[in-house]
């Protein structure tokens, strides 16, 4: 039994786990902060909505689609100069967060747009009929009504970020996924592979459970 | 007073203009309950939404009092909308807010009231619509009728002068419809609120409206006091509504009477004449025999009325009809 875990350096695993959590936390925070307004803007400027602007919507939608169609591994590398400009380094947790945010924000923005579309049009109409401003409609009616959907989208995004973060090893980002690839895969250390994947599985499970709880807590339908 | 002046509205669908309203001129008096009836696609949803400019007319003016609301700027329009309540077929309550929060919503949007003032007003409104004990429930926990009561309380929160009802009872069962209509009629009486309601159900109009406009293909086919319009419908579309409400089909009627001998007329009584023993007296006097083929005694809002289809045989039929007409009955020839 001792033989199977012989390759494992628990301190390394601990550091990698911490790095993964930091990457996840940092990138999720910025993804939510950036993706939410972009999603709202996508929704508002789309056809037959409050601020219908076909040109703005088309442009925004196009940029989102471009970012979503670039494979993340490529994005990681292409982003390096920008990352260095923003964080001063392209390595480690700090180097991984900008590409993670750029990769996940368009994804989350689309999920926000979809969640807003699920809100009954009648609610917008009723709020408008009360004499609400567009800002009031968005902040006081649309977002609260779409909250369960947005939280579900945030959960999916967080889990996507876990798997994106695993790829950041390519640019020296660190974390559990990096450990799995460098030791588990490239050095045939199966035990490292099993432990890291297991830890990632636990992380994903926890995220999903937390997300589901939040969705249920805020659902009143 | 709400006035539509030469209103046209068309929607652009797939590159072509589809007309919804074609030259509407209409005046709704302050304090009345005004019904707008029409089949789906007749333009009634569009018409009611012109009053708070949820839809803008392609041409024409909408006056509320003396203000042309189509000329208001955004802020003035929002202030105007706060003075107009609206209730909807599907209630459109915010699912994430409790009953009390839904009723408080228009007040907090409008601003200018303290939390305590809002709380007090919400409590009064909920008591008015009989939902005090449901204040902390979410809409999903309520029945359809209760949801519409929340909608009504919410619409009244800002003390509007006008209440718009968009098919407000169409999603409710007949019993709930009655109680909601009664609530609307009470509110109209107590608050002197002008109510504009659109519906495709004649029964709704008959029960509470003072006047009605029948809308057909974007134009007003007929307009007048409800009793007048429904007892003596002039336009084919109105006739169809009347027959629909009575669950009869015009062709079927004539077929049914094929084997009935005599002269068939439809007699309409309104007001006190409804309860007088006229037919018997006239029959004795002129020697005619009569058989009643169809009929109903009902009320239109507060006016009792009766409508009987009668076959006369023998005696002096013209004299009988003359006597009936002399007592204020309306007589329509069904078959000579």
- Within segment B:189-205, tally of residues that are at pLDDT 90 or above and outside any loop (DSSP other than H, G, I, E, B): 11
- Message: I need the helices (runs of 4 or more DSSP H) fully contained in segment A:105-221, keeping only those with at least 3 residues that are at pLDDT below 90 and more than 23 Å from residue B:90 (Cα to Cα).
- Response: A:143-167, A:176-179, A:190-218
- Pull up segment B:45-63, narrow it to residues that are at negative phi and part of a strand (DSSP E or B), then point me to the one that is nearest to the other protein chains (Cβ to nearest Cβ). B:62
- Give the residue, chosen from A:106, A:81, A:98, A:54, that is away from chain B (no Cβ under 14 Å), loosely packed, with under 15 Cβ neighbours inside 10 Å and either without any contact (Cβ under 8 Å) to a residue 40 or more places away in the chain or touching a helix residue (DSSP H, G or I) at 6+ places or on another chain (Cβ under 7 Å) (or both). A:81
- Query: What single numbered condition from (1) over 25 Å from residue B:10 (Cα atoms); (2) touching a helix residue (DSSP H, G or I) at 6+ places or on another chain (Cβ under 8 Å) fails to hold for residue B:190?
  - Reply: (2)
- Query: Can you find even one residue in segment B:238-258 that is at positive phi and over 12 Å from the mean Cα position of the chain (by Cα)?
  - Reply: yes
- Message: Given the criterion crowded, with 21+ Cβ neighbours inside 10 Å, in the same structural domain as residue B:96 (by TED's automatic domain parsing) and either in contact with a helix residue (DSSP H, G or I) (Cβ under 9 Å, 6 or more places away or on another chain) or closer than 25 Å to residue B:29 by Cα (or both), identify the matching residue among B:149, B:128.
- Response: B:149
- Task: Of the numbered conditions (1) more than 15 Å from residue B:163 (Cα to Cα); (2) within 14 Å of chain A (Cβ to nearest Cβ); (3) out of contact with any strand residue (DSSP E or B) (no Cβ under 9 Å at 6 or more places or on another chain), residue B:66 fails exactly one; give the number of that condition.
- Result: (2)
- Sole miss for residue B:161 among (1) more than 23 Å from the chain's Cα centre (by Cα); (2) more than 10 Å from chain A (Cβ to nearest Cβ); (3) in contact (Cβ under 8 Å) with a residue 60 or more places away in the chain is condition (1)
- Message: I'd like to verify a number: residues in segment B:69-116 that are free of Cβ contacts under 8 Å to residues at least 60 places away in the same chain, part of a loop (DSSP other than H, G, I, E, B), surrounded by 15 or more Cβ atoms within 10 Å (Cβ to Cβ) and more than 8 Å from every other protein chain (Cβ to nearest Cβ), how many?
- Response: 3
- Query: Which members of segment A:27-51 meet the condition of being free of Cβ contacts under 8 Å to residues at least 40 places away in the same chain, over 23 Å from residue A:163 (Cα atoms) and assigned to a helix (DSSP H, G or I)?
  - Reply: A:37, A:41, A:45
- Task: For segment B:26-46, state whether one or more residues are under 27 Å from residue B:108 (Cβ atoms) and either buried (at least 22 other Cβ atoms within 10 Å of the Cβ) or modelled with pLDDT of 95 or more (or both).
- Result: no
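Count, please, the residues in segment B:272-328 that happen to be in a loop (DSSP other than H, G, I, E, B) and closer than 18 Å to residue B:262 by Cβ.
Within segment B:272-328, the subset in a loop (DSSP other than H, G, I, E, B) is B:276-277, B:287-288, B:301-302, B:314-316, B:327-328.
Now drop any that are not closer than 18 Å to residue B:262 by Cβ, which leaves B:287-288, B:314-316.
Selection size over segment B:272-328: 5.
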- Hey, residue B:130 hits all of (1) free of Cβ contacts under 8 Å to residues at least 60 places away in the same chain; (2) closer than 19 Å to residue B:54 by Cβ but one; which does it fall short on? (2)
- Note on the structure: residue B:229 fails exactly one of (1) in the same structural domain as residue B:207 (by TED's automatic domain parsing); (2) not in a helix (DSSP H, G or I), namely (2)
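The values are calculated or read from the model by the stated rules, or taken from the named source; none is laboratory data. All values derive from a computational prediction rather than experimental measurement. Backbone-built Cβ (ideal geometry, glycine too); neighbour counts: all protein chains shown.
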